[in-house]
Each structure stands twice: as structure tokens, then as C-alpha cells.
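Shown next, in C-alpha cells, is the structure this report addresses.
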């Protein structure tokens, strides 16, 4: 047996980055690796398999010794064959007689029959699976412990190299396809998930590419402008932004407050203006050149900031620059650049969604987030169709490309055919205005066998009240108070919150209103709050934890709620409660606020019901103790499922594991309902389970009688509930509860 020089091999692999310049594809690079390893190991076969995360497959990408025609053809499921087992279990597998080993997977015609010695070592980056290196030899018992140790070191090096190379190659592919999506094979259909229902057919525009081309605005005009022309442009721009702010305020008075503040303040910022004026006066810049130079300098400054949300403020700078240039040149303000367009963006902030709404955007395609994220919730309230699609090639779309969004099925058609467009127009014509259903909605909802079910509204924006009233919601089961926080430039004062909450109470006179206290954190970040970066924000400083830590902010919100609800039926609900201690501490702060208001003789609600949103698995073992103390429960199914199953609900890569039908979820829901019933406490349910018919059957069967959902779902859900025989649902629920396998439950719920 020839001696294997592992030290030299490890060193050679470590220097492989020098090959990057010489290869044209990842496959060519991998081929060089397998040839090098085979030579150093004096091995008959060396192969590299890469893991396709989306398809959950291990694919042969390079080989020395097997049939080259098998590259890209040989595929294994994760856990299939010795190679698949090595990657699934993240451990090396070494066999001296591979063909007789349990788990061996035979592929005819690839030429591996004679090679009995087998070593598979996974390529890992932390807990991320990248691929597997497999070496084989005719001689039995060829590999030993020293080989395994060496290949652990080699794969550790290769993990970073392959991951980096793969990323670079993908970027190069995107550059090549920048002129035309899918060179030769145009991207025509993208499947996504519906974040906000609706249909839209319009030109697509990529958000990252909407940056202001200031030079283009300068060209084509030989006029020389003066300092007074610049001052005139500033005044006109300021007035345009203030008028736009007022228009948005009238439509979205609760959350839109000051969303254009950054731009307006920039026009009032003497440092910004003087920087432009100095270039004009002292260095004899033309005003247009001075604007361009200063705006670019500010954009560069924002791009260097460490906080990602602050970096995004560069969009405000660009927008101000665009408006200044247009007003300097006397170009009348036309329709906004996003009017009746479909915007494609990797990510957006709530304030940007509001701006797009004010500009009349036709639809939004997001490349990140989840259907239960706050951006989806906000889009539903604004009636903007939204699809979440994990397809980076959409960012390469040519300007003015027609895009058809079916945000009912989750389909995105790029430059659709005439047949697809005709079908869309037919559906659009047949699609009723949602308000046409209001006359069919009854004020009270009953099951087929006469049991009363309450349908309450989730309210995100005050504009949702119109739908809630139109569809005869029996109250507000959840008012998400965080939206006035997440789109502003600072914490709203007690008076600002009082104004919003008072409008909410006046909008639903005489009906019960449940205020959920501030629920920020996770994917709901306050750009103005100086919080430290958290490795896992969903498990960090969020919701009630934030409120209890920042008692002054918490008390301002509670006082605003108590004052606004003085003559109303209000309830106060704490999110993310994990212990009885937390609940009692939060309740004590409510009582402290009441004493303070009464001492100052400020009118307020003196005895609100106080409850919790059930979202954390921690409460399941103390649910009896909580049931004795609270006035009511509301189960927030979105977070409840997320935390119970340890699945980030906004992460599309693991969305397949977000399963409301998981037996642990269903049994946990039943346990909470039983505790509420035992102690005669009110219980309701909200989240996406509350508006999906297959889950409503189960929820009715375990005793849920109050559903809180987005108002637009009320007509459909009321119609469904009226067709349900509750006794049959209870019987079906018992059968579902007896199942242990998810697939059996899914079949029973269909």
C-alpha cells in the first residue's frame, strides 16, 4: 500500500483558492479537487456530492474514477445510501465491504461495482449541510482512522471554499442574466406564498433599482440655475412633502404620522442645505451639481452606518435629491414612480409599505419574510396584494416588464401570455368588490345546530374599522398597538397614543375592544430604539419583556388606553407571557397607572378586564394557575405554533415544518381551552388558524366559541360556520386527538 501524505494534501487543499481565477464554473473547480484528492490518496475513486437544500437532494457534481456521464444524474435523498446517511447524521462513514453494508445504494452503469472500500465524509459549515466527499478503492479495508481525521480537516477547509465559490458563481450567473431573466430560458412563472390576497397586472419595478439617477435628471438642460432657484426648489419640495404627509394622515391617521419626517427635516437641516449652498457660493458649483454631490455624500455616510435600519435611510436622501432636481428644473410633479406598478423588493420596512400605498402601488413581491409577518398583516390592512417568493432572479427583471400577480394562488407570471392575461381579466371582472358581501353578513353567527359563535375583528390600522363595521364584527378581539410605534421616528407620546386609541373606541361604540400592549421585537424592529444586536431576536428582548424593562414607555401606553376607554368595554391583553410572575407584575403596573390617574382626577376606565395572549409553551404547565388569575385568554396561534415547534415562521427555508396540524399543537390548544372552561374564563383564538376552515372545525370541536380574524374573512367564515354541525365536529375532534402522525391528521382534516 502506498503511503498517503495527509499533511501535504491538507496544505494543497488549503491553497485551492488560487484556482478560482482559472475556473469557469463550480463544477470545473470541484473536478480539480477530486482529481487532486484521488492522486494524493492513491485512490481509485473520489467524488463530491453537493446538497440541494430546496430539493432536499444530494447530487453528484464531480468524480474521478466513476462514469463522468453520471454527474448531475446520480441523486440521493437525505439519508439515502451510505452517502446520504453520512450527510444526514453529519458523521463520517467508513466501510471495508460497502456493497454488503446496510443502507448501501446501488446505481447501475456508473462503474462503482469493484470498489468495496468506502469512506464518506460530510462537508459541513457549522450545522449547515453543504455536501459529501466520497473516496473508494478496489482494495478492501483501504481506509483507516488517520484518513478519517485528515478528511475531517479537508472538508472543514472545503466547506468555506465551496460555499464562497458557489456564492460567487451564483452572483456571476445573476450578472449574466441581468439583461434578460433566464438567458435562453426566460423566467415565466414563480410560485410563492400569499401574504395579502388580491390580483394585480402591471409593470414590474425592482425596489433596489429605483434609486434616483440624478445625473439623468441633470442632462438635457443647458440652463444655468441660481441660488434663488435652489431656494425655490427647497420651498416647493418641502410643500410637496407636507401635502403628501397630510394626505396620508387623512387616510392612515394612526400609523402614518410623520412617515415623511426624515425627508421634511432634511430640508430644514441647515447642515444639509448649507453644504449645498457652500458648493454653489464658494466653489461655484451649478445648483444641480451641488445637489448631486451633497446627496451622494450623504448616501455614502448612511451606507457606512452599522445599523441596517439606519442604512436604509439613504432612500430618504435619494428621494429628497430626486424631488429637488425636478423642482429645480421646473418639472411638474406627476404620478409617483410606483403608481400602478408592481414592486419587487428583497425586503421593505413598514414605513416604505405606507409610502408605496400612498403612491398607489398595484402590488408587492417580497423575497423575504413570511405570510404571518407584520408586513403581510400591514399589507392586508392597506389592501395591497403581496406575495412572498424566494426567487432572486426577479431582482434582474428588466424595467417595464409586465407582471401578473395572482395573490390568491401565490402565482407570479413574468411577461404573461395573452391567454393568461385574458383569464386574469375574466377573473377580475367576475371578482366581486368585497363590500358587495356586506349585505349578506348577519349580525349574529350560529352553527347549523344553533350554537352561537362570536366573530370579532383584528384591527391593525384605524382604516380597518370601516371593514369591521361593514361586516358586522361583534367587537375587536385584537388591536395590535405596535403599528403606531414601528413606523415612527421616535416613541409616540401618551397624548399621541390617546388620540389614536380614542378614535378606535369611537369607531366601535358599545362593543368590546381588546388592546394588546406593545408587541415589538423579533421581526418587528423599532429603527429608533438603540437596542443591541441579538443573535436570535425572536427569543430576545421583545413584547412584555420590553415593556417591563421600559416601565416608563409601558405606563404611557397603559394610561393612554385607560383614558381612551373611559366609557367603553375595554380589555387589556399582555403578549408573550411566560410565567405567573410576569403577569402579576404587568397587572400591578396597570393598577399603579389607575391610582395615578385617579389621584390626578383624570377620567379613565377604572376596572378593565386583564388577560394574556397564550403564545409560549412555558404557560402550558402553569395554565391552571394563570386561569385562576386572568380575566380571559386569547391564543395567538402564529407564535404559539412557532415556539412550540421551534420553527421561525418568517423563514421560508423551514416553512414546511410550521404545522398547525401537528398533534402537539392540537393537544396543547385543547389543554388551554379545558383550563379556561374549568375556571369559567373567556377564551378566544386569533392568528391564521382562525380563518382557515379546516382548522376551524377542530377549534369548534374543542370548545372555541370566539374567533378574532381580519374583517375581510368574516363573510366567508360566517358562511362556513353556519354549515357546521357542532356535534359532528366534536366527534371528529376526538378522532383527530387520537392520532399521533401528522399525515393521518392532515387526511382527517381535509
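Sort through 415, 449 and tell me the only one that's surrounded by fewer than 20 Cβ atoms within 10 Å (Cβ to Cβ), at pLDDT 85 or above and in the same structural domain as residue 483 (by TED's automatic domain parsing). Result of the check over 415, 449: 449.
Picking from residues in the range 577-607 that are assigned to a loop (DSSP other than H, G, I, E, B) and touching a strand residue (DSSP E or B) at 6+ places or on another chain (Cβ under 7 Å), the one that is surrounded by the most Cβ atoms within 10 Å (Cβ to Cβ) is 577.
Conditions tested, residue by residue: (1) at pLDDT below 80; (2) over 15 Å from the mean Cα position of the chain (by Cα); (3) in a strand (DSSP E or B); (4) assigned by TED's automatic domain parsing to the domain that holds residue 202.
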residue: 344; (1), (2), (3), (4): no, no, yes, yes
residue: 357; (1), (2), (3), (4): no, yes, no, yes
residue: 364; (1), (2), (3), (4): no, no, yes, yes
residue: 368; (1), (2), (3), (4): yes, no, no, yes
residue: 371; (1), (2), (3), (4): yes, no, no, yes
residue: 375; (1), (2), (3), (4): yes, no, no, yes
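The listed residues are 647, 614, and the only one of them that is touching a helix residue (DSSP H, G or I) at 6+ places or on another chain (Cβ under 6 Å) and at pLDDT 95 or above turns out to be 614. Considered as a group, the residues in the range 33-74 that are surrounded by fewer than 16 Cβ atoms within 10 Å (Cβ to Cβ) and within 39 Å of the chain's Cα centre (by Cα) include one that is modelled with the lowest pLDDT, and that residue is 54.
Scanning the range 490-503 finds no residues that are outside any helix (DSSP H, G or I), modelled with pLDDT of 85 or more and either in contact with a helix residue (DSSP H, G or I) (Cβ under 6 Å, 6 or more places away or on another chain) or not assigned by TED's automatic domain parsing to the domain that holds residue 381 (or both).
Check the range 684-692 and report whether any residue there is touching a residue at least 40 places away in the same chain (Cβ under 8 Å) and farther than 28 Å from residue 609 by Cβ. No.
The values are calculated or read from the model by the stated rules, or taken from the named source; none is laboratory data. Predicted, not measured: the structure shown is a model, and the values here were computed from it. With ideal geometry, Cβ positions are generated from the backbone for all residues, glycine too; neighbour counts draw on all protein chains shown.
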